[in-house]
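Novice: First the structure, which I've put down as structure tokens, then a few questions once you've had a look.
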Amino acid sequence: MKFTKSKEEEPTAPGQVAIKKRSKVPGVMITQFVEEIPAGKSHPDFSRKPIALTIQEGKLAIFKAIITGSPTPTVTWARNNGDVSDPERYAVSYDPVLGEHQLQMPNVGVDQADTYKCYANNEYGRAIVTVTLNVIEVGFKKSKAMQEARLGLNKQQNIFNEKRKDGEVDEKFWELLLSADKKDYERICAEYGVTDFRWMLKKLNEKKREIEEQQSQYIEHLSNLRHIEIKMPGCAEFEFEMDLKDPNAKIFLLKDGVMVPFTTDSDEKHSLRQVGRKFIFSVHGLNAEDAGLYQVDIEGVNVFSTDFKIPAVDFLVKIQEVKAVEREDAAFECVLSAPLPKISWLGKNVTLEQGEKYDISVSEDMLIHRLVVKDCMQVDKGIYAAVAGMKSCNAWLIVEGKIKFRHHPHLVDQLINMSKCADPRIYSKSHILPMHNFSDDISLSLIQHLNCGQCTCCSDPGVHFTSGLSDVHAIIGQSAEMVCKLSSEKCDGIWYKDGKEVTTDELKIVKDGAVHKLTVSNCTEDDSGKYRFEADGRKTDAMLVVEDPPRMNQDDLAKFSEPVIIKVGQNATFKMDFVGREPMKVQWYNEGEEMLEDNHIRIEKSDSHSRLLLVKCQRKDSGEIKLKLKNEFGTIEALSRLIVLDKPTNPMGPVEVLEASASCVEFKWRPPKDDGGSPIKNYYIERNQIGRNTWTKIGNIPGEPHYKDTDVDHGRRYCYRIRAVTAESTSDVFETNDIQAGTKAYPGPPSTPKVVSAFKNCITLAWSPPTNTGGTNIVGYNMEKRKRGSNIWGQVNPPDEPIKGKQYDVKDVIEGMEYEFHVSAINFSGAGEPSTPSEFVIARDPKMRPNFTNRKMKSFMVVRAENSARVNIYFEASPMPTIIWLKDGMPVSKRVTVSNTDGMSQLLIPSAERSDSGIYTIIVKNIVGQETFSVEIRVTDDPKPPGPVELEENVPGTLTVSWKPSPDEKRDNHLHYMVMKRDSIKRTWHTVADRLFNNNFTAVNIMPGREYNFRVYAKNDIGLSEPSESLTWGIFSLNLPPSKPCNFDSAPIFTVPLKTHTTPEKYECYMSCAVRSNPIPHVTWYRNNVSLNTDTNYYITNTCGVCSMLILRVGAKDNGEYKVVAENSLGRAECSAQLTILGMLSEYV
């Protein structure tokens, strides 16, 4: 069965439809064949889809799927490159108990690695799912195979990127964004070349809603996503908090789209540790191949994605040991080989963070990183480490302390007793200071000075411990000793174990002066417990822990470390005896990769030993063999080496000819890639003279890949056969190319030079080397040029400086001249025949269509009257273009100065006037094409204030504010008005109306009993005018006359009509008018008597009687007459204006 291409329509039967449906399981494609499915029936769907496999060659590979649908679907399997019809290699089965459809591949081979599809069909539809099988070839390291697989995936991804349509983005981009913080959006977009952030955010929100719907099936809560980072040397972690609806839901870890096995054992490569609702994934034993995209899926639904990048950085200066005094700061500093914004700092294997205790900083160039430990205490001493990528360094922090009272309580008691001494001579200022003057850091010298020794309170502090017991860890069968020391040698004590007194019959008790020892010989598990020593009412205790870790006999370990040397096809055996408490975990490794039992590997395990048998070893099985034992008390490893001897591979080329003269032929070659486990002793050489059928034996030469043959005839050609010889065997033959002795053989002509690029001052040419090198290496090339119409060739490169490469830049050319070139190759014999001449090429810059280089050019400028206006336009074009400036479609006046240089044109108006306002257009044109750009320059000045402001009350509660127009209104069509109001209560000015193009305004919510003031400003593109202020309006009497009914109904009337507009092409156009009527009229816009109200190209609004229309980008089709019609029950009114489009510049082009 062949796959259906993604862009092709799926085949359907006559009368069927093809409706795409969405599955609850991601990755499933469903096609429904009928428009409506009868009740009780359903199209096929996958409730569990097959999972991608990465499996070792020779293992059993199984794809499993659970499929639903009524009637029961027919299930078939297919692969992309091949078929699955071979019953010996593919077995299709169905388990009715579990409801699983399976595709089994026993003894899977490398050629079965492919993309597979599972089809489910019934009369109502079809469901398809795709899955990948990766097979690791036996004998290759898994890491290497994974690397090659990832390289293959990267190549496929590159091909996909080349073929994808414009606007499509790598799916990895969205997976990273879904799990990233908002502060990282810009960095991720820059990496994937996404510049449209508004589109990205819209698309991201859609994908978030989609993934949240999928996650809600299995997850109650998901938060605190922390991306992968290196926590300690050789280990990277990422974590998140999650509550699962089903605690038994399956969790999958994928790296670059391939499923990765993981365990709960923290010593494995990939591990998962769950603490409450927190899930922590760890990657141990980091190397460069661990970089990639890691994903966590729950039942096939993506939960979290994080991109792991390992920076290529090393330490130029490592951190050094630091000594600090208590209460002082200590600083560690390191220097990196490449900039890195952040590194990890660890103290006693705990990650350190910026805070009150630690200050972490980095220099501006991100090369120098610094850690400051503030206010050092004894608990801060220990090993500190800096981790950058896969590199780390560590150093000690040593804290030196002072003797303090709190560390010597018996001295404090002594001073207190001294202070109570009755002898006034002793309690004088010369012997003791007041107690409130004692500092916390008082030294022993001061205490000795205060100790007068003349009273009982100063002479006997009592028996105390100068050194207490400490916890002891001992290995079973060895001795353990617990020691303490008293302040007096005359005091005895009693030892206790777990609360019971210890007798000398059980353990050895020794008193050596003030030192008391308890020795346990030949420790057993029964000796573990809590030990206590009491003397004179003082006591000290500690724990004795007897451990039983894995242990090996040193003689056995030395014997095991000796390498095992065998020949190809033989068996290799490794055995090691050990002791230790069960359960014991036994693991065997070959070159760091754990070995599991199969047809070639057999592992025997018992309580006292483990044995590894490797059957029919091959050369590729050579490597370091490691036995790892682990129990609850520790881990131990034993290392050995397996050497499988085989014949060496054949010597390798290419042969380098050192001399080929009339008297000798000297050459060298490369040694074999694999010596078969034994060093190369000799090389066996045979020689053949070209033209003869016999080979002459030269014999063995020492093991250097070099030979000088002096028995040669002048002009003859020779061929040599070389074999590598070791103590084990002889390699296959390596045959050299023909080597000629003595005769000069010139190289053949190179290929015809091709023009790479041509400019007015440089022509670049490239060529290929000759097929005939003359039997020796090519040492360089000579190039010659000739003008059109001339017979003289001139050498381009200096005669004593041959061209080393196969490309050359000819700079000795004259602009506008036409040249041809040829090249000759040079070997040890000299220069050969030149190549055929190249095509004639003219020394001139390539033709280039005019193009504006500054993409931030302004299309609108406001200039104050009598100031200069300057517009700079930067462009690139070849040949030099013609430049034309127009104002409103006409040539610019003589008042305008235009300056043109190479790549720039400047328009200058020295003293701008209002009449200089308009649309200025530049036309850049050459023989290739043309480009235009328009900029609107508006020349204006500060607006003059409007005339007197009058207030009139036509309706109670409102005021009509009217004013005389500003003198600038007639000559500035952008001038408008702003009205501000202040009342006697708030006493602050605030804007009540802006962008008014008429001369009156009605203010509402006028409250009786308040005073009101109004200001009117004129505004234009420059700014505001001085205000025109009204008189104070005040209504102090609340006795309002009885209101009379008023009828405000009126027919529509336009208070502000439409104005004629002239707008450049591709600019926006804004048209407005004002209508007054009651009831509110229905307003219709027309262009050339065609209604525009339903046309989406025009944005039409009607707010409070102001009718406006916006055209975002006007074109030639928008040219014409525009009319506004207002109608109500009392009448009809209309107004019209003309819109002229400025866009036709052909008469000047």
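The values are calculated or read from the model by the stated rules, or taken from the named source; none is laboratory data. Because the structure is predicted, anything quoted here is derived from the model rather than measured. Cβ: placed from backbone, ideal geometry, glycine included. Neighbour counts: every protein chain shown.
Results for (1) surrounded by fewer than 19 Cβ atoms within 10 Å (Cβ to Cβ); (2) over 15 Å from THR764 (Cα atoms), shown as yes or no for each residue.
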{"site": "GLY816", "(1), (2)": "yes, yes"}
{"site": "TYR819", "(1), (2)": "no, no"}
{"site": "SER824", "(1), (2)": "no, yes"}
{"site": "GLY830", "(1), (2)": "yes, yes"}
{"site": "SER838", "(1), (2)": "no, no"}
{"site": "ARG844", "(1), (2)": "yes, no"}
{"site": "MET848", "(1), (2)": "yes, yes"}
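Novice: What strands (runs of 3 or more DSSP E) lie completely within the stretch 1047-1149 and have 3 or more residues being under 30 Å from LYS887 (Cβ atoms) and not aromatic (Phe, Trp, Tyr)?
Specialist: Qualifying strands (runs of 3 or more DSSP E): 1061-1064, 1069-1078, 1106-1111, 1131-1142.
Novice: Counting only residues that are surrounded by fewer than 19 Cβ atoms within 10 Å (Cβ to Cβ), in a strand (DSSP E or B) and more than 55 Å from the chain's Cα centre (by Cα), how many does the stretch 963-1000 have?
Specialist: Total satisfying the criteria: 3.
Novice: Take the conditions part of a loop (DSSP other than H, G, I, E, B) and over 17 Å from LEU642 (Cα atoms) and apply them to THR519. Does it pass?
Specialist: Criteria not met by THR519.
Novice: Could you list, in sequence order, all residues of the stretch 621-663 that are out of contact with any strand residue (DSSP E or B) (no Cβ under 6 Å at 6 or more places or on another chain), in a loop (DSSP other than H, G, I, E, B) and crowded, with 16+ Cβ neighbours inside 10 Å?
Specialist: Listed by number, the residues that qualify are ASP646, LYS647, THR649.
Novice: Does the stretch 299-310 contain any residue that is farther than 21 Å from LEU244 by Cα and either without any contact (Cβ under 8 Å) to a residue 12 or more places away in the chain or not in a strand (DSSP E or B) (or both)?
Specialist: yes
Novice: Considering ALA865, ALA877, which residue is touching a helix residue (DSSP H, G or I) at 6+ places or on another chain (Cβ under 7 Å) and not assigned by TED's automatic domain parsing to the domain that holds GLU815?
Specialist: The match here is ALA865.
Novice: Can I ask one more? Tell me, which residue of the stretch 350-377 that is in contact (Cβ under 8 Å) with a residue 40 or more places away in the chain and of a type in the set (Val, Ile, Thr) is farthest from TRP396 (Cα to Cα)?
Specialist: My answer is THR351.
Novice: Out of the residues in the stretch 795-843 that are acidic (Asp, Glu) and within 49 Å of the chain's Cα centre (by Cα), which is farthest from GLU656 (Cα to Cα)?
Specialist: Once the filter is applied, the top-ranked residue is GLU815.
Novice: Residue check, ILE494 against (1) in contact with a Phe, Trp or Tyr (Cβ under 8 Å, 6 or more places away or on another chain); (2) surrounded by 14 or more Cβ atoms within 10 Å (Cβ to Cβ), all met but one. Which one?
Specialist: Here ILE494 meets the rest and fails (2).
Novice: While we're here: Could you tell me whether the stretch 1090-1098 includes any residue that is acidic (Asp, Glu) and without any contact (Cβ under 8 Å) to a residue 12 or more places away in the chain?
Specialist: Yes, some residue in the stretch 1090-1098 is acidic (Asp, Glu) and without any contact (Cβ under 8 Å) to a residue 12 or more places away in the chain.
Novice: Same structure, new question: Return yes when ASN248 is under 20 Å from VAL283 (Cα atoms) and without any contact (Cβ under 8 Å) to a residue 60 or more places away in the chain and no when it is not.
Specialist: no
Novice: While we're here: Run down GLU582, GLU562, GLU604, GLU525 and say which single residue is loosely packed, with under 15 Cβ neighbours inside 10 Å and within 30 Å of LYS59 (Cβ to Cβ).
Specialist: GLU604
Novice: Name every residue in the stretch 332-373 that is of a type in the set (Gly, Ala, Ser) and either closer than 17 Å to VAL313 by Cβ or more than 24 Å from the chain's Cα centre (by Cα) (or both), in order of residue number.
Specialist: SER337, ALA338, SER344, GLY347, GLY355, SER363
Novice: I would also like to ask the following. State all residues of the stretch 378-390 that are loosely packed, with under 15 Cβ neighbours inside 10 Å and without any contact (Cβ under 8 Å) to a residue 24 or more places away in the chain; if no residue qualifies, say none.
Specialist: Listed by number, the list holds a single entry, VAL379.
Novice: What is the residue count in the stretch 315-331 for residues that are under 28 Å from the mean Cα position of the chain (by Cα) and either loosely packed, with under 13 Cβ neighbours inside 10 Å or assigned to a strand (DSSP E or B) (or both)?
Specialist: Number of matching residues: 3.
Novice: Looking at the stretch 272-320 only, could you name the residues that are hydroxyl-bearing (Ser, Thr, Tyr) and closer than 30 Å to SER47 by Cβ?
Specialist: TYR294, SER305, THR306
Yes/no per residue for (1) touching a helix residue (DSSP H, G or I) at 6+ places or on another chain (Cβ under 6 Å); (2) surrounded by fewer than 18 Cβ atoms within 10 Å (Cβ to Cβ); (3) among the hydrophobic types (A, V, I, L, M, F, W, C); (4) outside any strand (DSSP E or B):
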site: ASN900; (1), (2), (3), (4): no, yes, no, no
site: LEU907; (1), (2), (3), (4): no, no, yes, no
site: VAL924; (1), (2), (3), (4): no, no, yes, no
site: ILE927; (1), (2), (3), (4): no, yes, yes, yes
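Novice: While we're looking at this one, here's another question. Kindly evaluate CYS458 against the criterion of being surrounded by 13 or more Cβ atoms within 10 Å (Cβ to Cβ) and either charged (D, E, K, R) or modelled with pLDDT under 85 (or both).
Specialist: Yes.
Novice: In the stretch 778-814, what count of residues is obtained for those that are surrounded by fewer than 12 Cβ atoms within 10 Å (Cβ to Cβ), in a loop (DSSP other than H, G, I, E, B) and touching an Asp or Glu at 6+ places or on another chain (Cβ under 8 Å)?
Specialist: Total meeting the criteria: 1.
Novice: Determine, yes or no, whether ILE680 is out of contact with any Asp or Glu (no Cβ under 8 Å at 6 or more places or on another chain), modelled with pLDDT of 90 or more and closer than 30 Å to GLU594 by Cα.
Specialist: Here the answer is no, as ILE680 does not meet what is asked.
Novice: Return yes when ALA52 is at negative phi and in contact with a Lys or Arg (Cβ under 6 Å, 6 or more places away or on another chain) and no when it is not.
Specialist: No; evaluated as a whole, the condition is false for this residue.
Novice: Another question about this same structure. Working only within the stretch 938-962, note down all residues that are over 23 Å from GLY1034 (Cβ atoms) and outside any loop (DSSP other than H, G, I, E, B).
Specialist: ARG938, VAL939, THR940 - these are the residues of the stretch 938-962 that are over 23 Å from GLY1034 (Cβ atoms) and outside any loop (DSSP other than H, G, I, E, B).
Novice: Looking at PHE1054, PHE1036, which one is under 16 Å from GLU953 (Cα atoms) and either at pLDDT 90 or above or touching a strand residue (DSSP E or B) at 6+ places or on another chain (Cβ under 9 Å) (or both)?
Specialist: PHE1036
Novice: Of the residues in the stretch 970-1000, how many are closer than 22 Å to ASP1021 by Cα and in contact with a strand residue (DSSP E or B) (Cβ under 8 Å, 6 or more places away or on another chain)?
Specialist: 19
Novice: Taking the stretch 1080-1091 only, how many residues are crowded, with 17+ Cβ neighbours inside 10 Å and either modelled with pLDDT under 90 or over 21 Å from LEU1112 (Cβ atoms) (or both)?
Specialist: Count: 1.
Novice: Continuing with this model, one more query. Run down GLU936, GLU866, GLU952, GLU913 and say which single residue is touching a Phe, Trp or Tyr at 6+ places or on another chain (Cβ under 9 Å) and among the acidic types (Asp, Glu).
Specialist: Exactly one of GLU936, GLU866, GLU952, GLU913 is touching a Phe, Trp or Tyr at 6+ places or on another chain (Cβ under 9 Å) and among the acidic types (Asp, Glu), namely GLU936.
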